[in-house]
Amino acid sequence: QVQLAESGGGLAQAGDSLRLSCATSERSFRTDAMGWFRQAPGKERDIVAAITWSAGNTWYATSVKGRFTISRDNAKNTVHLQMNSLKPEDTAVYYCAAHASIPRLAQGDLNIWGQGTQVTVSS
């Protein structure tokens, strides 16, 4: 069973940077796409960014484009989300997820999920 282990997150002020990391126990065609979702209180869980292991293709939500960067470390089976110029509206629980492709990952169904990590940005 694939397991995702998240780290990073915490408290930040507006304009600060944070980095999230997600290590996967398995890389295969079933988990070629990995990414981050976030869920703020009272809101739906939305995809933020994604990347593929095989080709390094990336995708970003409009709200984070230019501020967040997703990257992969093949040697460590770890995906990173570098979050710069943080805003209070970035406050949410961030979840790492995996699926076979970015479109499937974005659907949110049958994803493999991490446990979530809190990111809180104060103004």
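The values are calculated or read from the model by the stated rules, or taken from the named source; none is laboratory data. Since this is a predicted model, take the numbers as computed values, not measurements. All Cβ positions, glycine included, derive from the backbone under ideal geometry; neighbour counts span all protein chains shown. Please note that ligands, DNA and RNA were not included when accessible areas were found on the heavy atoms of the full protein model with its side chains. Shrake-Rupley method; radii C 1.70, N 1.55, O 1.52, S 1.80 Å.
A few comments on the model shown:
- Summed residue charge, Cβ within 15 Å of residue 53's Cβ, Lys/Arg positive, Asp/Glu negative: +2
- Cα centroid separation, segment 25-50 to segment 63-88 (Å): 12
- Cα convex hull volume per residue for the chain (Å³): 93
- The residues of segment 12-109 present an accessible area of 49 Å² per residue when probed at 1.4 Å with all protein chains retained.
- Taking 19 Å as the straight-line reach from the Cα of residue 65, the lysines in range (excluding those fewer than 8 positions away in the same chain) are 87.
- Length-normalised contact order for the chain - Cα pairs under 8 Å, 6+ apart - percent: 36
- Computed over protein heavy atoms with a 1.4 Å probe, the carbon and sulfur contribution to the accessible area of segment 1-82 reaches 45%.
- Volume in Å³ per residue [convex hull over Cα atoms, computed for segment 7-72]: 114
- Sparse packing (at most 10 other Cβ atoms within 10 Å of the Cβ) combined with a DSSP loop state is found for the following GluC sites (Glu not before Pro) in segment 1-77: 44.
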